[in-house]
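Chemist: Once you've had a glance at the structure underneath, I'll fire off some questions.
The values are calculated or read from the model by the stated rules, or taken from the named source; none is laboratory data. Bear in mind the structure is a predicted one, so any value in this text is a computation, not a measurement. Cβ coordinates were reconstructed from backbone atoms using ideal geometry, including for glycine residues, and neighbour counts include every protein chain displayed. SASA here: full protein model, heavy atoms, side chains in, ligands and nucleic acids out. Shrake-Rupley method; radii C 1.70, N 1.55, O 1.52, S 1.80 Å.
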Amino acid sequence: MLPDTNGWAALRAVVELGGVSEAARVLHVGQPAITKRLRALEKVYGIPLTERHGGRLQLTPAGEKVYLLAVQTLDRQQALASELHVLASGLESMRLQVNFAIGEHLLPDLLMRFDELYPNFRVKSLMGYGRKIQTELVTGIADLALLEQAPDHPDVVVQKWLDDELWLLCGRSHPLAGTDLLPVTELDSLNYVLRERDSSIRDSMHKALQRIGIEQLQVAMEVGSNEAITEILTRGKHVSFLPRFAVEDSVRDGELFHIKVTGFRIIRTLWIARHRSKLEHPVAEAFVKMLHEEREA
């Protein structure tokens, strides 16, 4: 017997919303219906999926596996339904996923340009972390991705898109503003505000610093937005590493100062990634063609 998608939806809602009552409210059914769906799901798999600890409903080890399957299957089903709806309207669509920094600073112009070139194509774009985007490429949820780090999976094909660099920055009132060249030995003595640990920016920075023997920096704050970090830098007490493409305008306008470091630069590549089965996707092909043409212009 195959599991009912209603059971998967109930399990997912209970886990992500924190309880049966919350799941019932969002799914517009009564609490007994949620409990009935969970029991039916357990009957299909023949093993308990949830258990109570301290009055809270939690997943069993088997439940964790079923939950992951439910999330992937429901997401793919939703993506397919959306794609079929668009196709039924006589249009073609693409699901594009990008890192947060790319989404915040580069994506708006790219989407506007693509709409001008291909008005009959539709792009549904989402932002996320690199690891999650790789999973959605592999499972077919995403048709195309723009990433700050190349995925490492045999089914994912990557192409070079742009060269980028992480710049060390400070506000114009910081003591280092106007410095010609900072000795590399002073990097670990500065006071930093950085992106969160799961971010691609943080990972690229950490690997580059490790290569010169620096394992740890003095991190005062971790912030999940480049704009928020820029605002903090303008107060004059901290420094940070941010992508050149995200801060060039602020540096040119004098809002931020680019601190050059003796013998040290963080050079990296931005990537285009697709699943092998998506290499002939017409909208993705058109989008990639536009990216290459803009790079060569």
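Chemist: Quick one: which helices (runs of 4 or more DSSP H) lie wholly within the stretch 1-118 and hold at least 2 residues that are open to solvent by 80 Å² or more (accessible area, probe 1.4 Å) and over 30 Å from L137 (Cα atoms)?
Modeler: By residue number, 31-45.
Residue by residue, here is whether (1) touching an Asp or Glu at 6+ places or on another chain (Cβ under 8 Å); (2) small (G, A, S) holds:
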site: M127; (1), (2): yes, no
site: G130; (1), (2): yes, yes
site: Q159; (1), (2): no, no
site: D164; (1), (2): yes, no
site: S173; (1), (2): no, yes
site: P183; (1), (2): no, no
site: L190; (1), (2): no, no
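Chemist: Let me ask you something else. Tell me which residues, restricted to the stretch 16-56, are in contact with a helix residue (DSSP H, G or I) (Cβ under 7 Å, 6 or more places away or on another chain) and over 19 Å from L74 (Cβ atoms).
Modeler: S21, G30, Q31, T35, I47, P48
Chemist: Do you know which of the residues in the stretch 119-133 that are assigned to a helix (DSSP H, G or I) and of a type outside the set (G, A, S) is modelled with the lowest pLDDT?
Modeler: Per the stated criteria, the residue is R131.
Chemist: Filter the stretch 180-216 for residues that are over 22 Å from Q149 (Cα atoms) and surrounded by 16 or more Cβ atoms within 10 Å (Cβ to Cβ) and give the result.
Modeler: Across the stretch 180-216, the qualifying residues are L182, L187, L190, Y192.
Chemist: Scan the stretch 255-264 and tell me whether some residue there is under 27 Å from T135 (Cα atoms) and exposed (fewer than 13 other Cβ atoms within 10 Å of the Cβ).
Modeler: Checking the stretch 255-264: not a single residue is under 27 Å from T135 (Cα atoms) and exposed (fewer than 13 other Cβ atoms within 10 Å of the Cβ).
Chemist: Being acidic (D, E) and part of a helix (DSSP H, G or I), is that true of even one residue in the stretch 224-233?
Modeler: Yes: one or more hits.
Chemist: Sticking with this one: Of everything in the stretch 189-223, what is of a type outside the set (A, V, I, L, M, F, W, C), touching a residue at least 24 places away in the same chain (Cβ under 8 Å), touching a strand residue (DSSP E or B) at 6+ places or on another chain (Cβ under 8 Å) and not in a loop (DSSP other than H, G, I, E, B)? Give them in sequence order.
Modeler: Scanning the stretch 189-223 gives S189, N191, Y192, R195, S200, S204, Q218, E222.
Chemist: With the condition kept exactly as written, say whether any residue in the stretch 173-188 is under 30 Å from the mean Cα position of the chain (by Cα) and in a strand (DSSP E or B).
Modeler: No, the stretch 173-188 has no match at all.
Chemist: Can you find, within the stretch 265-297, the residue that is farthest from F114 (Cα to Cα) among those that are of a type in the set (G, A, S) and either touching a residue at least 40 places away in the same chain (Cβ under 8 Å) or surrounded by 18 or more Cβ atoms within 10 Å (Cβ to Cβ) (or both)?
Modeler: Looking at residues that are of a type in the set (G, A, S) and either touching a residue at least 40 places away in the same chain (Cβ under 8 Å) or surrounded by 18 or more Cβ atoms within 10 Å (Cβ to Cβ) (or both), I get S277.
Chemist: It is to be established whether one or more residues within the stretch 185-202 are under 15 Å from T269 (Cα atoms), among the polar types (S, T, N, Q) and out of contact with any helix residue (DSSP H, G or I) (no Cβ under 8 Å at 6 or more places or on another chain).
Modeler: Checking the stretch 185-202: not a single residue is under 15 Å from T269 (Cα atoms), among the polar types (S, T, N, Q) and out of contact with any helix residue (DSSP H, G or I) (no Cβ under 8 Å at 6 or more places or on another chain).
Chemist: Any idea how many residues of the stretch 248-264 are out of contact with any strand residue (DSSP E or B) (no Cβ under 6 Å at 6 or more places or on another chain) and either assigned to a loop (DSSP other than H, G, I, E, B) or over 18 Å from L181 (Cβ atoms) (or both)?
Modeler: So the answer is 9.
Chemist: Filter the stretch 119-162 for residues that are farther than 17 Å from S93 by Cα and of a type in the set (F, W, Y); which is surrounded by the fewest Cβ atoms within 10 Å (Cβ to Cβ)?
Modeler: Y129
Chemist: Among the residues of the stretch 275-286, is any within 16 Å of I102 (Cα to Cα) and under 22 Å from the mean Cα position of the chain (by Cα)?
Modeler: no
Let's see how each residue does on (1) within 24 Å of the chain's Cα centre (by Cα); (2) at pLDDT 95 or above; (3) over 20 Å from D163 (Cβ atoms):
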{"residue": "Q216", "(1), (2), (3)": "no, no, yes"}
{"residue": "N226", "(1), (2), (3)": "yes, no, no"}
{"residue": "K237", "(1), (2), (3)": "no, no, yes"}
{"residue": "A246", "(1), (2), (3)": "yes, no, no"}
{"residue": "V251", "(1), (2), (3)": "no, yes, no"}
{"residue": "L256", "(1), (2), (3)": "no, yes, yes"}
{"residue": "V261", "(1), (2), (3)": "no, yes, no"}
{"residue": "F264", "(1), (2), (3)": "no, yes, no"}
{"residue": "R268", "(1), (2), (3)": "yes, no, no"}
